[in-house]
Amino acid sequence: MLARGNPQLNKNGELTHLLSTEGLSKDVLTHILDTAGNFVSVSDREVKKVPLLRGKSVFNLFFENSTRTRTTFDIAATRLSADVYTLDIARSSTAKGESLLDTVANLAAMAADIFVVRHSESGAPYLIAQHVAPHVHVINAGDGRHAHPTQALLDMYTIRHYKKDFSGLTVAIVGDVLHSRVARSDIHALTTLGAAEVRVVGPRTLLPADLAPMGVRVCHSLKEGIQDADVIIMLRLQNERMSGALLPSSQEFFQNFGLTSEKLQWAKPDAIVMHPGPINRGVEIDSAVVDGAQSVILPQVTFGIAVRMAVMSIVAGA
Amino acid sequence: MLARGNPQLNKNGELTHLLSTEGLSKDVLTHILDTAGNFVSVSDREVKKVPLLRGKSVFNLFFENSTRTRTTFDIAATRLSADVYTLDIARSSTAKGESLLDTVANLAAMAADIFVVRHSESGAPYLIAQHVAPHVHVINAGDGRHAHPTQALLDMYTIRHYKKDFSGLTVAIVGDVLHSRVARSDIHALTTLGAAEVRVVGPRTLLPADLAPMGVRVCHSLKEGIQDADVIIMLRLQNERMSGALLPSSQEFFQNFGLTSEKLQWAKPDAIVMHPGPINRGVEIDSAVVDGAQSVILPQVTFGIAVRMAVMSIVAGA
Amino acid sequence: MLARGNPQLNKNGELTHLLSTEGLSKDVLTHILDTAGNFVSVSDREVKKVPLLRGKSVFNLFFENSTRTRTTFDIAATRLSADVYTLDIARSSTAKGESLLDTVANLAAMAADIFVVRHSESGAPYLIAQHVAPHVHVINAGDGRHAHPTQALLDMYTIRHYKKDFSGLTVAIVGDVLHSRVARSDIHALTTLGAAEVRVVGPRTLLPADLAPMGVRVCHSLKEGIQDADVIIMLRLQNERMSGALLPSSQEFFQNFGLTSEKLQWAKPDAIVMHPGPINRGVEIDSAVVDGAQSVILPQVTFGIAVRMAVMSIVAGA
């Protein structure tokens, strides 16, 4: 029953694909975070591996390039003892005019277990998930402006690690929300996990128009946005937005929405500062904050490996 | 004695390189297919690996790029537990003016066991095979217009799987035979394995002039070509042939030689349809045929992994 | 005490990074060569692996591309059973404006054990080594014109293998010394290991001005340079130097400094000829010498794997 209409769950209501944080229950999200907790210590061991996915085949299908994110999935799969195949999609048959579904059908015929998919088109991982056999699992590593669920889950893991409980928290998401699949996935996860208040903060040109139904508070000033916040998630300002129609200049953006040590004092004294990376120092965030005591940006990276190990092992039923 | 002049066999008459289906005996071909049969089930296991090539070093040397084919060899070697090294040849020393043989001598000095070679020049894998030490093995993954023996072997495996015996079979190879190394390798293998009749089917501009000595029947109409055929192998029409001197247009080609459900009825009712991929839907073959009941295109891909595992384990003496 | 000011040693005086042969004691160099000796046989085994670095994560960070050198490190790490991650740095976040140190800090947060770094800027591996946590190790795979210590160590291994002892040896390094990080690292290693005489040989335009303090003899004629030498190390002449301000033409260079069989007779009868590769046949060295009895160029490649295994296992404390 749970599964009806939810493409992420199998007929027993179990997570079989991870496509979005939207539509996942608090129980499912919490189970992923709990499982990730068990994997955090694996990367500290002398031998950083567990045999859970030994002999499984994981395919990295990055139709949109991202060396960083691809590497985190590569590491996560390898530490689960899976075999990882990375396809240079830009050079492959898709470039020869083969359709996305034909490419995937071919790889599935090679006995794939998990596809990790990044695509510039929103919805591409859904399309793939609808067409693969039941024993094949799809993990969305970012699709268009739509979703980036593993980043949101590692953000949730980081928040829970430092703040223990979501119920009393005020979380501010600051910057270019309009173009951010991370922001969208964070909002769904935070709402489901019961954060007290989620604020999105940025200039009108970088906030989407449809935020109200998502249950968030919209703030057009940084001071209002991070006032007494427990958690501040800074978003990367894409280079291509820095000048032109949406923003007068990166200097003016930094003036108004860049996070400095002085402005950080508006938040709670024990507020944590997060960023999905890669960071533009001096554009959306000052170096002193990145390297400061409240920054948990590098722990996010560490937890990201554990969260991706958790997602892979859960969807594969390991 | 068997080995005299046959560069694929060692002095005991055993297969030490796979360069072409031409010149291999029915016994050798059958042994590869039988061995592949043992490997088909490996990809269905919980742990998709066998330790036959553990600690062996397989080098993918794709002087001509092919993500798809390279991946199948990568998977085959990994499921045999070999270590696979893929060289980005386009960026490597060959580009700095080093000769092919110096490149290979260097890699051999790193203790290579198997080279998987694709090259745009016909004969390049032969040249390499002539110069490597006896414990090093070369597998041709496609050279120029000359040969693509593992594709031909997976085609043979697929035919045998569905038709059991070659002796009574009529096999039609349709399309751009002139530029197809697959066609050439298929013809040699089918002839050796005893197919009753092999037909090549296509416009005069896309059939080579020297087919008669190969013992095939040449057909310039699709109807004549696939009439009562048991097996139809459709070839990919390369984009660069679709207009210009050899073909008036891809529409006209599809009109005359494209396989549709209607035309497929000219063949035997239980005929199987094959294609080496990637498919140009609507150019050489209609979507309804690709996805139809007689298509065995995806099983070809699955069997391709097993066949490549068989070839690697046989040449390495494992 | 040993460690004071030496960024390659930890506080117990043990090798924790390999950045340069300069500043390493005879004991440290000899320990690396002795350890490599134990690894040479691994590549001859049926199963070419030892479990010393099982579960460790090695990251190849090649900011300057080198397929050949990257592959040797990949092989060395894999034969030690480590997991190897190769980042396509040219496409990665550094290209998005992220700093070198932010890139490395991120990867370190994924629980890296060893970074293998090649960079066009002299000193880049030092900068990284200064900023990583104590359990992370950096190996310099070539930085600018500064150092290429693993190449120098494999050169030393090769010399010791064929000549047993350094004390009586005359070693000539011939060619473009000015642009060669290999020459610089070789000179430091040879001096420390006690070679009797080190000569650098080349036209004035391709020899650096500051050689005297390094304790080498400068020769501007090939005859003087290799007269009675025990070891001749030929350097690659980069294509971009072959014409222009530094050299009149590659023909004239070959005339004056190219090593032919005739000129080789100036050296001792049992002199060995080395080259770091890739070779320009007919530019700095004649084909007859490359393929001749005194050439040890391919054994250098073989020993290079063992030397890199030794360096990795030593810095990782395995």
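Just wondering, is there one or more residues in the range B:76-83 that are touching a strand residue (DSSP E or B) at 6+ places or on another chain (Cβ under 8 Å), of a type in the set (G, A, S) and in a helix (DSSP H, G or I)? Yes, there is a match, as at least one residue in the range B:76-83 is touching a strand residue (DSSP E or B) at 6+ places or on another chain (Cβ under 8 Å), of a type in the set (G, A, S) and in a helix (DSSP H, G or I). Does B:D102 satisfy the criteria of being out of contact with any Phe, Trp or Tyr (no Cβ under 9 Å at 6 or more places or on another chain), over 24 Å from B:A316 (Cβ atoms) and at pLDDT 95 or above? It is false that B:D102 is out of contact with any Phe, Trp or Tyr (no Cβ under 9 Å at 6 or more places or on another chain), over 24 Å from B:A316 (Cβ atoms) and at pLDDT 95 or above. Residues that are over 30 Å from B:G282 (Cβ atoms), modelled with pLDDT of 95 or more, surrounded by fewer than 22 Cβ atoms within 10 Å (Cβ to Cβ) and within 14 Å of chain C (Cβ to nearest Cβ) occur at least once in the range A:80-99. Of all the numbered requirements in (1) among the β-branched types (V, I, T); (2) modelled with pLDDT of 95 or more; (3) touching a strand residue (DSSP E or B) at 6+ places or on another chain (Cβ under 6 Å), C:V50 misses one, and that requirement is (3).
Going residue by residue through the range B:44-61, is there one that turns out to be under 22 Å from the mean Cα position of the chain (by Cα) and facing another protein chain (nearest Cβ under 10 Å)? For the range B:44-61, residues under 22 Å from the mean Cα position of the chain (by Cα) and facing another protein chain (nearest Cβ under 10 Å): present.
Considering only residues in the range C:204-237 that are among the charged types (D, E, K, R) and more than 18 Å from C:P248 (Cα to Cα), the one that is surrounded by the most Cβ atoms within 10 Å (Cβ to Cβ) turns out to be C:D230. Inspect all residues belonging to the range A:144-155 and state whether any of them is surrounded by fewer than 24 Cβ atoms within 10 Å (Cβ to Cβ), within 23 Å of B:I75 (Cα to Cα) and modelled with pLDDT under 95. Taking every residue of the range A:144-155 in turn, none turns out to be surrounded by fewer than 24 Cβ atoms within 10 Å (Cβ to Cβ), within 23 Å of B:I75 (Cα to Cα) and modelled with pLDDT under 95. Of the residues screened, B:P299 is one that is in contact with a Phe, Trp or Tyr (Cβ under 9 Å, 6 or more places away or on another chain) and either exposed (fewer than 14 other Cβ atoms within 10 Å of the Cβ) or in contact (Cβ under 8 Å) with a residue 60 or more places away in the chain (or both). The selection criterion, being farther than 23 Å from B:E121 by Cβ and hydrophobic (A, V, I, L, M, F, W, C), holds for B:V200.
Conditions (1) over 30 Å from C:F115 (Cβ atoms); (2) not aliphatic (A, V, I, L, M), marked per residue:
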site	(1), (2)
C:N256	yes, yes
C:K268	yes, yes
C:I279	no, no
C:D291	yes, yes
C:G304	no, yes
C:V307	no, no
C:A310	no, no
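Within the range B:117-129, none of the residues are within 11 Å of chain C (Cβ to nearest Cβ) and either under 16 Å from the mean Cα position of the chain (by Cα) or assigned to a loop (DSSP other than H, G, I, E, B) (or both). Taking the conditions (1) touching a helix residue (DSSP H, G or I) at 6+ places or on another chain (Cβ under 6 Å); (2) more than 24 Å from C:V136 (Cβ to Cβ); (3) within 12 Å of chain C (Cβ to nearest Cβ) in turn, A:T35 satisfies each one other than (3).
Of the residues making up the range C:38-68, those that are crowded, with 16+ Cβ neighbours inside 10 Å and assigned to a helix (DSSP H, G or I) are C:F39, C:V40, C:V42, C:S43, C:T67, C:R68. A single entry from C:P208, C:P248, C:P299, C:P213 fulfils the requirement of being within 14 Å of another protein chain (Cβ to nearest Cβ) and at negative phi: C:P299.
Taken together, the criteria exclude A:K163 from residues that are within 15 Å of A:V289 (Cα to Cα), surrounded by fewer than 22 Cβ atoms within 10 Å (Cβ to Cβ) and either in contact (Cβ under 8 Å) with a residue 24 or more places away in the chain or of a type in the set (V, I, T) (or both).
Would you mind stating whether A:G277 is within 14 Å of chain C (Cβ to nearest Cβ), surrounded by fewer than 17 Cβ atoms within 10 Å (Cβ to Cβ), more than 23 Å from A:G194 (Cβ to Cβ) and touching a residue at least 24 places away in the same chain (Cβ under 8 Å)? Give the steps one after another, and end with the answer.
Values: within 14 Å of chain C (Cβ to nearest Cβ): yes; surrounded by fewer than 17 Cβ atoms within 10 Å (Cβ to Cβ): no; more than 23 Å from A:G194 (Cβ to Cβ): yes; touching a residue at least 24 places away in the same chain (Cβ under 8 Å): yes.
No, not satisfied.
For A:T71, the conditions (1) buried (at least 22 other Cβ atoms within 10 Å of the Cβ); (2) more than 9 Å from every other protein chain (Cβ to nearest Cβ); (3) within 16 Å of the chain's Cα centre (by Cα); (4) outside any loop (DSSP other than H, G, I, E, B) all hold with the exception of (2).
Matching residues to (1) over 23 Å from the mean Cα position of the chain (by Cα); (2) modelled with pLDDT under 95; (3) basic (K, R); (4) farther than 26 Å from A:S167 by Cα:
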{"site": "A:N239", "(1), (2), (3), (4)": "no, yes, no, yes"}
{"site": "A:Q255", "(1), (2), (3), (4)": "yes, yes, no, yes"}
{"site": "A:V283", "(1), (2), (3), (4)": "no, yes, no, yes"}
{"site": "A:Q294", "(1), (2), (3), (4)": "no, no, no, no"}
{"site": "A:V307", "(1), (2), (3), (4)": "no, no, no, no"}
{"site": "A:A310", "(1), (2), (3), (4)": "no, no, no, no"}
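For the range B:1-33, a tally of residues being without any contact (Cβ under 8 Å) to a residue 60 or more places away in the chain and in a helix (DSSP H, G or I) returns 2.
Sort out which residues of the range A:177-201 are in a loop (DSSP other than H, G, I, E, B) and either of a type in the set (V, I, T) or surrounded by fewer than 23 Cβ atoms within 10 Å (Cβ to Cβ) (or both), and write them in order of number. Spell out the reasoning first.
Start the filter on the range A:177-201 by keeping residues that are in a loop (DSSP other than H, G, I, E, B), which leaves A:177-180, A:194-196.
Residues satisfying the conditions are A:V177, A:L178, A:H179, A:G194, A:A196.
Of the residues making up the range C:243-272, those that are among the hydroxyl-bearing types (S, T, Y) and either crowded, with 16+ Cβ neighbours inside 10 Å or within 25 Å of C:V171 (Cβ to Cβ) (or both) are C:S250, C:T260, C:S261.
The values are calculated or read from the model by the stated rules, or taken from the named source; none is laboratory data. Note that the structure is predicted; figures quoted are calculated from it, not measured. Neighbour counts are summed over all protein chains in view; Cβ atoms, including those assigned to glycine, are modelled from backbone coordinates with ideal geometry.
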